[in-house]
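Engineer: Would you mind keeping the following structure in view while I ask a few things?
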Amino acid sequence: MVDLKQYGYIETETPPDGTLPARITAVHRDRYELNEAFYARLKTSVYYSERGEIFPTVGDYVQYAPVDGGDAQIIKTLPRKSQFIRRDPNPNVGEQAVAANFDYVFIMTSLNKDFNVNRISRYLALAHQSGAAPVVILTKADIADDIDSIITAAQTVAGNAEVIPVSVVSGAGLDRLSDYLQPGKTIVFLGMSGVGKSSLLNTLMGQDVMAVNEIREDDSRGRHTTTHRQLFTLPSGAAVIDTPGMRSLGMWDANEGISETFADVEALLGGCRFSDCRHQNEPGCAVRAAIDSGVISAGRWENYQKLKRESLYAEDKAAALREKFARNKDIARWSRQRKKNGEIRK
């Protein structure tokens with residue numbers, strides 16, 4: 001039997017008789033791999049009932065019941081300490097987790113011409129919102145022409161997150177990851193395609209477990225290589241979650257994460273002379289004064305505003321889509337009733 005403590009599992013409740021705890025280590029549509037060893041399916045009467053359980057995702061701890069000669073049955077999803085979610089407009093689905101129960105988020109960006117500090121800020125907000133600690137990983141350090149200036153640029157937006165340049169070609173910086181790759185710890189990789197997530201995972205695993213695609217020369221971008229959600233246990237005892245669902249994350253409910261990422265910016269907002277200051281040309285504006293004096297950059301202020309607008313839009317859009325779904329459902333129900341009553345000819 002697998003010792004769940006190797007995954008960092010802490011028992012918070014005793015499993016009911018006839019059930020055992022396990023961790024979701026891969027998701028294949030409606031079939032789940034547990035403990036990297038066997039498969040299970042959801043117990044329909046529990047997960048699809050009105051009260052319904054939270055649908056599990058890779059990284060979740062669950063309670064399952066063994067089934068002789070077949071897939072086990074998952075009967076309960078245990079509480080999460082962290083998660084990445086995406087929002088479904090269907091109100092019956094709501095938030096859908098794509099990864100759960102991780103300790104660190106490796107925000108990965110390549111030191112090629114696709115390097116973008118605003119993207120790092122976006123990922124930092126998502127990482128802080130998830131409940132885990134972010135670490136900024138600058139990949140392909142062997143190709144950087146002016147690595148010191150790039151590291152400095154990343155550090156200006158990283159806050160308390162460590163910035164680590166690495167190269168899987170030369171091995172530079174990989175030793176600095178050992179503080180995070182400890183037994184019982186779980187890491188999620190977050191970054192655009194082509195930044196070297198698969199290459200780093202293969203290097204940490206000591207074998208090729210993920211396909212590596214070449215990046216396009218014209219824009220330094222790559223194609224997605226991950227096709228399903230999966231957790232890998234490294235030789236160090238740490239676990240890495242790789243999931244294609246990360247590329248569809250939006251700024252859903254990310255206000256807390258944005259606030260933590262831009263704490264320096266939000267500290268200025270209450271310091272203006274006028275309470276209704278729009279931070280444009282008003283006298284006594286603390287934000288404009290900070291930009292003029294170089295305390296924060298104009299680009300950082302603009303990026304903060306952009307992410308706040310996107311978060312607000314996402315909330316409004318989700319509400320609108322939920323309303324549209326409900327309206328269409330009512331129309332369909334009304335149409336079926338009219339057909340049943342003979343008001344509409346077939």
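The values are calculated or read from the model by the stated rules, or taken from the named source; none is laboratory data. This is a predicted model, so every value here is computed, not measured. As a convention, Cβ positions derive from the backbone with ideal geometry for all residues, glycine included, and neighbour counts pool all protein chains shown.
Results for (1) part of a strand (DSSP E or B); (2) within 21 Å of the chain's Cα centre (by Cα); (3) closer than 24 Å to D3 by Cβ, shown as yes or no for each residue.
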| position | (1), (2), (3) |
| --- | --- |
| A40 | yes, no, yes |
| I54 | no, yes, no |
| T57 | no, yes, yes |
| I85 | yes, yes, no |
| A97 | yes, yes, no |
| I107 | yes, yes, no |
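Engineer: Working only within the range 279-314, note down all residues that are closer than 19 Å to I258 by Cα and part of a loop (DSSP other than H, G, I, E, B).
Structural biologist: Result: H279, V295, I296, S297.
Engineer: Another question about this same structure. Where residues in the range 162-185 are within 25 Å of I10 (Cβ to Cβ) and under 20 Å from the mean Cα position of the chain (by Cα), which of them is modelled with the lowest pLDDT?
Structural biologist: G184
Engineer: If you check every pair at least six apart or on different chains, which have Cβ atoms under 6 Å apart with a residue in the range 31-53 that is of a type in the set (V, I, T) first and a residue that is at pLDDT below 95 and surrounded by 15 or more Cβ atoms within 10 Å (Cβ to Cβ) second?
Structural biologist: Here the result reads V46/E53; V46/I75, each pair linking the range 31-53 to a residue that is at pLDDT below 95 and surrounded by 15 or more Cβ atoms within 10 Å (Cβ to Cβ).
Engineer: Please go through (1) surrounded by fewer than 20 Cβ atoms within 10 Å (Cβ to Cβ); (2) not assigned by TED's automatic domain parsing to the domain that holds G191 for T57 and return the number of the only condition it doesn't satisfy.
Structural biologist: Of the numbered conditions (1) surrounded by fewer than 20 Cβ atoms within 10 Å (Cβ to Cβ); (2) not assigned by TED's automatic domain parsing to the domain that holds G191, the odd one out for T57 is (1).
Engineer: If I143 passes every condition in (1) over 29 Å from T57 (Cβ atoms); (2) crowded, with 22+ Cβ neighbours inside 10 Å but one, which one does it miss?
Structural biologist: Single failed check for I143: (2).
Engineer: Still on this model: Here's a check for you: in the range 1-29, which residue that is outside any strand (DSSP E or B) and under 21 Å from the mean Cα position of the chain (by Cα) is surrounded by the fewest Cβ atoms within 10 Å (Cβ to Cβ)?
Structural biologist: This residue is R29.
Engineer: Now for a different question. Every residue in the range 59-75 that is charged (D, E, K, R) and within 24 Å of the chain's Cα centre (by Cα), please.
Structural biologist: Scanning the range 59-75 gives a single hit, D60.
Engineer: Next question. Of all the residues that make up the range 249-302, how many are loosely packed, with under 14 Cβ neighbours inside 10 Å, touching a helix residue (DSSP H, G or I) at 6+ places or on another chain (Cβ under 8 Å) and of a type in the set (S, T, N, Q)?
Structural biologist: Residues flagged as loosely packed, with under 14 Cβ neighbours inside 10 Å, touching a helix residue (DSSP H, G or I) at 6+ places or on another chain (Cβ under 8 Å) and of a type in the set (S, T, N, Q) within the range 249-302 amount to 2.
Engineer: Does P134 meet the test of being without any contact (Cβ under 8 Å) to a residue 60 or more places away in the chain and buried (at least 23 other Cβ atoms within 10 Å of the Cβ)?
Structural biologist: Yes.
Engineer: Continuing with this model, one more query. Out of all the residues in the range 291-325, which are among the charged types (D, E, K, R) and either modelled with pLDDT of 80 or more or in contact with a His (Cβ under 6 Å, 6 or more places away or on another chain) (or both)?
Structural biologist: D292, R300, E302, K306, K308, R309
Engineer: Can I ask one more? Being closer than 15 Å to G191 by Cα, at pLDDT below 65 and not hydrophobic (A, V, I, L, M, F, W, C) is the filter here, so list the residues in the range 228-258 that pass it.
Structural biologist: G245, R247, S248, G250
Engineer: Same structure, new question: Quick one: is G70 at pLDDT 90 or above and surrounded by 24 or more Cβ atoms within 10 Å (Cβ to Cβ)?
Structural biologist: No; evaluated as a whole, the condition is false for this residue.
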